Amino acid sequence: MTQQTMKTNDADISGESQRELAAGVLKQAAQDLRAKKLMPVHWGKFGLANHNWDDPILQVSKIASENNMPLITPQIGEEAKFDSDQHFKAWWKNLV
């Protein structure tokens, strides 16, 4: 896998640092919005990124767990009840 980098103020930011930056932004956004639950979308659909398909959900689930925030991750076709304490399996684990 190629190491992805991004330029910010003439500094290279590695793929790992990008994930840490995104994690911080996600956490702050959830706090600013006073989110009660977190539902990530648009992840794992296409193999176009330079990271593994499940990297986004692994990062988001880690952030949700560390911040005691319920994570809504239904499988395709699974009903999600936003006004309940519904729990979802980590169905993306052990795939492929």
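Just for the range 55-89: of the residues that are in contact (Cβ under 8 Å) with a residue 40 or more places away in the chain and buried (at least 16 other Cβ atoms within 10 Å of the Cβ), which one is nearest to Leu26 (Cα to Cα)? Steps first, answer last, please.
Kept after step one, since they are in contact (Cβ under 8 Å) with a residue 40 or more places away in the chain, are these residues of the range 55-89: 59, 63, 67, 80, 82.
Retained after the next criterion (residues that are buried (at least 16 other Cβ atoms within 10 Å of the Cβ)): 59, 63.
Details: Gln59: 10, Ile63: 8 Å.
Looking at residues that are in contact (Cβ under 8 Å) with a residue 40 or more places away in the chain and buried (at least 16 other Cβ atoms within 10 Å of the Cβ), I get Ile63.
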- Item | Hits in the range 1-48 - residues which are at pLDDT below 75 and of a type in the set (Lys, Arg) | Lys7, Arg19, Lys45
- Answer with yes or no whether His51 is at negative phi and either at pLDDT 60 or above or in a helix (DSSP H, G or I) (or both). yes
- Query: Which numbered condition trips up Trp92, out of (1) loosely packed, with under 14 Cβ neighbours inside 10 Å; (2) part of a loop (DSSP other than H, G, I, E, B); (3) under 13 Å from the mean Cα position of the chain (by Cα)?
  - Reply: (1)
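The values are calculated or read from the model by the stated rules, or taken from the named source; none is laboratory data. The shown structure was predicted, so the numbers you read here are calculated from the model rather than taken from an experiment. Methodologically, a virtual Cβ is constructed for each residue, glycine included, from the backbone with ideal geometry; neighbour enumeration extends over all protein chains shown.
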